[in-house]
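The values are calculated or read from the model by the stated rules, or taken from the named source; none is laboratory data. Everything numeric here is computed off the predicted structure, so don't read it as measured data. Cβ sites come from the backbone with ideal geometry, for glycine too, and all protein chains shown count toward neighbours. Note: areas computed on protein heavy atoms with side chains; ligands, DNA, RNA excluded. Shrake-Rupley method; radii C 1.70, N 1.55, O 1.52, S 1.80 Å.
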Amino acid sequence: MSEPPPTAEELGRLLLPLADEIDAARAVPPGVIETVAKSGALAAMVPAEYGGRPMSHLEYGELSRAVAHTSASLQSLLTVHGMVCASLSRWGSPVVRRRLLPRLASGELLGAFGLTEDGAGSDAQAIGTTAVPEEEPGDSESSQTWWRLDGVKRWLSFGQVAGCFLVFAKHGERSVGFLVQRDDPGVTVVPSRPTSGFRSAMLADLRLDGCRVPADRMVGRPGFGVAQVAGSALSLGRLCVAYGSLGLAEACCDAMLGHTSGRRQFGGRLIDLQLVRGLISDAVVDTEAARLLCGQAARAMDVQDGRLIQQVLTAKLAASRAAGTASAAAAQLHGAVGLVDGGPVDRWVRDARVMQVIEGSTQLLQHLLAEESLQSFRVRRRDPRYPFTQGADHVE
């Protein structure tokens, strides 16, 4: 019998000694990705019939948390690969599911998510990549419809090593998703400019210049691209980032407690100073709140609760802020040690900034969360079980 895959905590311990090395190298070695694949993490969003090891969103979140406790860059692989696998499992054609999902589940093939462009970041509807149908020459019975894709996608996590890309384009006024393979004609992958955080996420730009893909690689249908396919994927991605932020915040809290309880200043332990305890307690409170909100959001996704979007937005917003609070406190309390380039505290500060941008910036999430909250209020005010909303008739 094969050995059972490692638990989330066991995987985190396996990866921990490699964290600084991965960050310094600005790349994740194939052997590390293989270790992650053996854990079943890359198969978590793939149905069992295609070789997957399906996990609940709660289990997948805990895996993301444990990996991010070691390396936020590496955790981003779980985010984007899971988004691609979940999208293909739900929206992909039978041909694509049979051919690619087993390879994605095993880690033989890595998936990357292509939505962002120079002119389309938070405003996903503004994508400029185009999709135009073309007929393959031949008689009417054997001819096949192909699609020509043109455009540039930016900042794809693990795009440098991914073998397939879920990209979104515009066909007229309608958005549409396609599965593009690395070896398709007209595909060029270019490493992105280095970023301060997520140094080893192996970011890449994807250039599509007359890239032709068969119609069976359409994911969903025209009109479903951003609203349905990307929207569903982004909910999963935001949940993963929320749990990743939680793992990063946990690492910062552990480091602060270890450092301040062992370091002596002014005749006593650093942790016994009141202002030091204030910094630590603020970070711990934010981290514990994020933990509860992440669990609430994951359970909402598991049961497809009607408020899952609001729950996920809340968790991502709170957890990314917790990562910022905890990393800033860790840097402050470690003093000069926290400023060492390439050290763990320096890495946490840099990565925490990324958490507040990816899969929806803080400002975008505030906008979306306010809208979701307003919609929820409009429903509640019509329910007699909530008498405190009944007098709010001025709210449209």
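Given the conditions (1) open to solvent by 40 Å² or more (accessible area, probe 1.4 Å); (2) small (Gly, Ala, Ser); (3) at pLDDT 95 or above, report the number of the one that SER76 does not fulfil.
SER76 satisfies every listed condition except (1).
Take region 191-243 and flag every residue that is open to solvent by 10 Å² or more (accessible area, probe 1.4 Å), touching a residue at least 60 places away in the same chain (Cβ under 8 Å), small (Gly, Ala, Ser) and in a helix (DSSP H, G or I).
Across region 191-243, the qualifying residues are ALA215, SER232, SER235.
Looking at (1) touching a helix residue (DSSP H, G or I) at 6+ places or on another chain (Cβ under 7 Å); (2) farther than 21 Å from HIS367 by Cα; (3) open to solvent by 50 Å² or more (accessible area, probe 1.4 Å), which one does ILE271 not meet, given that it meets all the others?
(3)
Where residues in region 131-172 are among the polar types (S, T, N, Q) and over 25 Å from the mean Cα position of the chain (by Cα), which of them is modelled with the lowest pLDDT?
Looking at residues that are among the polar types (S, T, N, Q) and over 25 Å from the mean Cα position of the chain (by Cα), I get SER142.
Just checking, which of LEU339, LEU292 is within 22 Å of TYR60 (Cα to Cα) and open to solvent by 60 Å² or more (accessible area, probe 1.4 Å)?
None of the others qualify; the one that does is LEU292.
Only one of MET45, MET83 is part of a loop (DSSP other than H, G, I, E, B), under 17 Å from VAL229 (Cβ atoms), of a type outside the set (Gly, Ala, Ser) and at pLDDT 95 or above; which?
On inspection, the qualifying residue turns out to be MET45.
Spot the failing condition for GLN304; the list is (1) at pLDDT below 95; (2) open to solvent by less than 20 Å² (accessible area, probe 1.4 Å), and only one is missed.
Failing condition for GLN304: (2).
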